[in-house]
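Encoded as structure tokens, the structure appears first; notes follow it.
Taken together, the values in this text are just the output of simple stated rules run on the coordinates, not laboratory data. Keep in mind that this is a model prediction, so the values were computed, not measured. Ideal geometry is used to build each Cβ from the backbone, glycine not excepted, and the neighbour counts take in all protein chains shown.
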Amino acid sequence: MKKSFFWILSLFLIGNSQAVCPDGKSYNVYLTFDDGPHPVLTPKILDILKEEEVKGTFFVMGYRFKNGKNKNPKPFEILDRMKNEGHLIGSHTQNHIKHNNIKDDNEITKNPSDPNDYLGPFTKRQVFENILKPYSNIELQSYLAPLVRLPYGAGKIKSTDPIIQAKNDWIMNVLAKSKLGHVFWNIDVEDWNVQKQPFLLENLLKQICQKKGGVVLMHDTESNTAENLQNWIQKIKSEGHKIVPLSEGRKDASQPLAPEICKSEPSALDSLYSEVNKIIFKIGN
Amino acid sequence: MKSLKYLAISSIFILSTGYAQSPVYTTLNSDGKNIFTGVKIEKKDYEPETYIQKISADTLSQTKIPLPKELSHRDIIAIFTAEKNLLVVMTQKTIERGDNPQFYTLNHEINEWKKIGDSNCISFAKVKVEKNSITIHCIETNDKGERTETPRKLVFESVVFTQVGEITLPSTSITKDSIKAELLGDPFEWRRLKVNAEKKEKFFHP
């Protein structure tokens with residue numbers, strides 16, 4: 001009995017000896033990828049994840065699927081591959097807009113589908129539809145877990161300005177009323193930022209230690225990420241950290257996971273919109 | 001049951017928003033009389049706060065210059081000096097994915113801000129400053145997965161830059177007349193500023 005106890009203890013110590021964080025610990029890390037799928041880079045990233053036997057979560061942009069499976073099958077094929085290889089797929093909303101730049105419904109606003117207009121302002125209705133549109137796309141909704149990551153974190157990140165915070169609360173209420181969860185991140189690789197490129201790996205490993213592990217934000221649309229991901233994963237592992245899936249993946253792919261409200265007729269969206277608007281009046285916006 | 005599973009996934013990360021850190025410098029420049037730095041304070045769960053720290057080369061005293069409301073949560077990426085006490089302040093949101101840089105002039109004598117333009121470019125390291133313009137060398141990934149570099153020029157008729165040439169961002173040290181200033185610390189975590197001016201040396205914190 002005593003012998004086995006010391007054997008287990010020594011195994012535990014050997015396991016921990018790999019850890020290089022200043023506190024002597026290693027942590028769990030969850031990999032997430034925003035903005036895709038990219039026709040070339042996402043398959044490369046999936047190859048790396050497969051080779052390294054690692055599962056990730058992809059927050060896809062709804063606009064990439066707007067032409068439908070028949071006209072543009074490639075993004076759907078990538079989703080099929082993600083699903084078959086056990087990755088989780090969430091929504092990064094329809095267009096990469098700043099959701100909390102909201103004006104009154106009767107004011108002139110920007111076009112959410114124009115990348116030059118992504119910073120807004122938008123009407124509440126435009127924001128509402130941009131969040132729910134991927135779940136209203138019949139071909140896309142069956143792939144999506146009811147998990148959203150808001151672009152720029154806008155809506156989730158708090159503001160000290162009460163007017164902006166009321167808009168943030170409204171956005172989070174749209175998610176809550178639609179039974180959609182939000183997945184934030186606490187480790188930002190900033191893989192899009194060429195100024196930081198020479199320091200990305202060093203910074204990633206530092207953040208894992210400082211923040212005691214957590215959700216890593218990357219972009220599967222960045223060539224930098226496709227080129228370096230394998231090295232990053234190997235380094236994370238060699239430092240003793242464990243890369244774990246955000247969930248166990250979708251085991252029952254036949255079950256659609258979109259919220260019930262998005263599967264019914266368009267009037268359901270209208271009633272949800274008026275329901276959400278009741279909330280915003282209560283919080284004084 | 002499945003909904004509960006996903007609710008659990010998202011709730012695990014509800015408290016993971018942001019990370020409290022001490023303030024960092026993001027860039028610096030000097031007009032020969034003052035040193036100007038960009039400062040960023042990250043607050044747990046909240047948008048970062050940013051402002052300009054102005055240090056007089058004569059007295060080595062510091063003044064905080066707040067940014068206008070619409071810029072106060074945007075990182076100060078670069079500060080360019082121009083005639084008539086003007087600074088051109090380049091800001092960008094760096095949360096999740098960068099947004100388009102915005103350019104404002106600041107008359108630092110009277111603390112007057114004015115928007116002069118923005119650029120459709122998220123990722124860049126090199127900028128070329130000419131008399132009335134800034135060209136950003138924009139790095140993008142195309143549909144083939146290749147990285148491309150495209151110069152995007154912004155002309156500012158009302159501005160005459162006093163320092164021209166090609167700059168690699170971020171600026172972390174500057175020598176101007178008798179002033180030498182340098183940001184100290186790990187890359188992008190510069191928490192100290194060393195200033196040598198008028199034969200005096202002083203260290204600053206944001």
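All other residues with a Cβ under 13 Å from the Cβ of A:Asp34 taken together, and with Lys, Arg as +1 and Asp, Glu as -1, what is their net charge? Cβ neighbours under 13 Å give a net charge of -4.
Which whole-number percentage describes the relative contact order of the stretch A:68-120, with Cα contacts under 8 Å and a sequence gap of 6 or more? Mind showing how you got there, number by number?
Numbers: 32 pairs, mean separation 14.2, N = 53.
Contact order relative to length: 27 percent.
Extension gain B:Asn100-B:Glu157, at 0.36 nm per residue separation less the Cα-Cα distance, in nm? Provide the component values of the computation, followed by the final result.
Numbers: separation 57, 0.36 × 57 = 20.52 nm, distance 2.06 nm.
Value of the extension gain: 18.5 nm.
Which whole-number percent is the relative contact order of chain B (Cα, under 8 Å, 6+ apart)?
Normalised by residue count, the contact order of chain B is 17 percent.
Taking the fewest neighbouring Cβ atoms within 10 Å as the starting point, the ordered list for A:Ile102, B:Ile179, B:Ile79 is B:Ile179, B:Ile79, A:Ile102. Put in line by how crowded their Cβ is, counting other Cβ atoms within 10 Å and starting with the fewest, B:Asp177, B:Asp75, A:Asp161 read B:Asp177, A:Asp161, B:Asp75. Scanning residues 5 or more positions from B:Asn34 or on other chains, those with amide H under 5 Å from its amide H are B:Ala57, with H placed 1.01 Å from N in the peptide plane.
Using a Förster radius of 51 Å, what is the FRET efficiency between A:Asn106 and A:Lys74 based on their Cβ-Cβ separation? Nearest 0.05, please. Plugging the Cβ-Cβ distance into 1/(1 + (r/R0)^6) gives 0.80. Here the calculated FRET efficiency for A:Ser274 and B:Ser173, from their Cβ-Cβ distance with R0 = 56 Å, stands at 0.45, rounded to the nearest 0.05.
Note that the stretch A:203-210 has calculated 3J(HN,Hα) couplings of 5, 4, 5, 5, 5, 4, 6, 4 Hz, one per residue in order, obtained from phi through the Karplus relation 6.51 cos²θ - 1.76 cosθ + 1.60 (θ = phi - 60°); glycine and proline are x.
Other residues whose C-beta falls under 10 angstrom from the C-beta of A:Val183 contribute a net charge of +2, scoring Lys and Arg +1 and Asp and Glu -1. Other residues lying with their Cβ under 13 Å from the Cβ of A:Leu217 contribute a combined charge of -4, Lys and Arg counting +1, Asp and Glu -1.
As I understand it, the dipole of the stretch B:14-204 uses +1 on the Cβ of Lys and Arg and -1 on the Cβ of Asp and Glu, about the Cα centre. Which of B:Thr168, B:Gln62, B:Thr141 lies farthest toward its positive end? About the Cα centre, the residue reaching furthest to the positive side is B:Gln62. Which shape class applies to the stretch B:14-204: rounded if a/c is under 1.5, otherwise prolate when a/b exceeds b/c and oblate if not, where a ≥ b ≥ c are the square roots of the Cα gyration tensor eigenvalues? Taking the square roots of the gyration eigenvalues as a ≥ b ≥ c, the stretch B:14-204 is oblate.
Rounding to the nearest 10 and keeping the result within 0 to 90°, find how far the Cα-based axis of helix B:2-12 lies from the longest principal axis of chain B. Roughly 30 degrees, rounded to the nearest 10.
Here the calculated FRET efficiency for B:Thr150 and B:Lys33, from their Cβ-Cβ distance with R0 = 41 Å, stands at 0.70, rounded to the nearest 0.05. Most tightly packed first, judged by the mean number of other beta-carbon atoms within 10 Å of their residues, the peptides A:237-247, A:39-49 read A:39-49, A:237-247. Within the set B:Lys126/B:Lys200; A:Lys211/B:Lys114; B:Lys40/B:Lys114, which residue pairs have Cα atoms separated by over 29 Å? Correct reply: B:Lys126/B:Lys200; A:Lys211/B:Lys114.
Is the shape of the stretch A:25-282 rounded, prolate or oblate, going by the alpha carbon gyration tensor and its root eigenvalues a ≥ b ≥ c, with a/c under 1.5 for rounded and a/b larger than b/c for prolate?
Numbers: a/c = 1.82, a/b = 1.42, b/c = 1.29.
Note, shape of the stretch A:25-282 comes out prolate.
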